[in-house]
1. Rolling a 1.4 angstrom probe over the protein chains, ignoring ligands and nucleic acids, what is the accessible area of Val53 in square angstrom, nearest 10?
2. Using a 7 Å offset from the Cα along the Cα-to-Cβ direction at both Phe28 and Asp46, what is the distance between the two label points in nm, to one decimal?
3. In the full protein assembly as shown, how much of Thr60 is accessible to a 1.4 Å probe, in Å² to the nearest 10?
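The values are calculated or read from the model by the stated rules, or taken from the named source; none is laboratory data. Worth saying up front: this structure is predicted, and the values here are computed from it rather than measured. Cβ: placed from backbone, ideal geometry, glycine included. Neighbour counts: every protein chain shown. Only protein heavy atoms, including side chains, enter the accessible area calculation; ligands, DNA and RNA are left aside. Shrake-Rupley method; radii C 1.70, N 1.55, O 1.52, S 1.80 Å.
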Amino acid sequence: FYAAPDWSFFDLSGCRGLSGRIPVSWGFMAALSILNVSNTQLRSPDDTFPSFVVASGNRTILPSAGNTSKTSPYICPLLKSADERLSLVCDPEYYGLKYCDCFPGSTGINATCFPCPRGADCSNGT
């Protein structure tokens, strides 16, 4: 599967039949500025980003495919290419929620978040 090199926006969101890893070749599309593969079955078997992707210092609340509540319990990094020209939008399950923290008011790691125990301080999600 290969996309035209002059595309600036590549939206595959909702393509539930799309599975496997994000191809490294997609990172070589020079004009591409946004790659959206959310709500697909794309997953990294070793919970890593594609080699052209890094976590930015910015974090956001992202929906989790397995989360049926209206508010996600996860705060995850925004993803971008190493040269910062490309933003990647994907489900946090792609990388096994490995780089996510629990939403403030809950505690845990990765995909296991629980309500904060009574009397505990869970203001930072840990």
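1. Surface open to solvent at Val53 totals about 10 Å².
2. Rounded to a tenth, the inter-label distance reads 2.0 nm.
3. Only protein atoms counted, so the area is about 50 Å².
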